[in-house]
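Participant: Submitted below is the structure of interest, expressed as structure tokens.
Quick note: the coordinates plus some simple rules give every number you see, no bench work behind them. The structure displayed is predicted, hence computed values, not measured ones. Note: ideal-geometry Cβ built from the backbone for every residue, glycine included; neighbour counts use all protein chains shown.
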């Protein structure tokens, strides 16, 4: 990370603007394909902009000087309203975003490590995500133990089983700062 490391705080239901901006950035990683209005008008995309702690959703925001620079959030979406990376009831779908100008500093990894540790502490069996072909973030996901989810999952869906003893989220941050995994 840079000489100005971010601080981390829990994501809240009041962070709707962050979730909308992060979802827009995630969906336009390879060019302008959507607007914020498009996202809010499409139920399949709009649910990524809403955190529902009562359902078990949780996340983190990375900030610098009071401005958000990254976010990670995990949604426990139901089978009748699945996300693109949905694999099963009780397995949250992870989304992560680091704002341009702050990428390649380890913020995404730090957010994901904290989120995976929190998911494990909550007793969740696995975490899934969706990544489009050609997105360089796939290398980060693979380095954190994500693998392609088997069918019938959609193409681009990856899964990280949290019961896998070969790797634990804490291993990935042992040389980084101390983490607080109580989100």
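Participant: Once a ≥ b ≥ c are taken as the square roots of the eigenvalues of the Cα gyration tensor of the stretch 119-160, is the result rounded (a/c under 1.5), prolate (a/b larger than b/c) or oblate (a/b not larger than b/c)?
Facilitator: In terms of gyration-tensor shape, oblate.
Participant: What length, rounded to one decimal in nm, is gained on full extension from residue 65 through to residue 161, with 0.36 nm per residue of separation minus their alpha-carbon distance?
Facilitator: Taking 0.36 nm per residue and subtracting the Cα distance, the gain is 31.1 nm.
Participant: With an 8 Å Cα cut-off and a minimum separation of 6 or more residues, compute the relative contact order for the chain in percent.
Facilitator: Reported as a whole number, the value is 20 percent.
Participant: Per DSSP H run of n ≥ 4, the term is -39500 (n - 2.57); total these for the chain, divide by its residue number, and report the mean residue ellipticity at 222 nm rounded to 500 deg cm²/dmol.
Facilitator: -6500 deg cm²/dmol
Participant: Now for a different question. What Kirkwood Rh does the chain have if only Cα atoms enter the pairwise 1/r average? Answer in Å.
Facilitator: Hydrodynamic radius (Kirkwood, Cα pairs) of the chain is 16.4 Å.
Participant: Across 10 Å bins from the origin, how do the percents of Cα pairs in the stretch 50-146 run, short distances first?
Facilitator: Each 10 Å bin holds this share of Cα pairs: 15, 49, 31, 5.
Participant: Further question on the same structure: If I build a Gaussian network model for the chain, linking alpha-carbon pairs within less than 10 angstrom, which residue out of 34, 146, 58 has the largest mean-square fluctuation?
Facilitator: 34
Participant: Another question about this same structure. Stretched out fully, how many nm does the piece from residue 25 to residue 147 gain, at 0.36 nm a residue minus the Cα gap?
Facilitator: 41.6 nm
Participant: Also: If R0 is 22 Å, what FRET efficiency do you get for residue 103 and residue 55 from their C-beta distance, rounded to 0.05?
Facilitator: Efficiency for this residue pair is about 0.15.
Participant: Under 10 Å, Cα contacts only: if you run a Gaussian network model on the chain, which one of 156, 59, 31 comes out with the highest mean-square fluctuation?
Facilitator: Per the Cα network of the chain with a 10 Å cutoff, 31 tops the list.
Participant: Provide 84, 48 in ascending order of the number of other Cβ atoms located within 10 Å of each residue's Cβ, fewest first.
Facilitator: Exposure proxy ranking, most exposed first: 84, 48.
Participant: Also, quick follow-up: Ratio of the stretch 1-87's C-alpha Rg to 2.2 N^0.38 Å, to two decimals?
Facilitator: So the Cα radius of gyration is 1.14 times the expected 2.2 N^0.38 Å.
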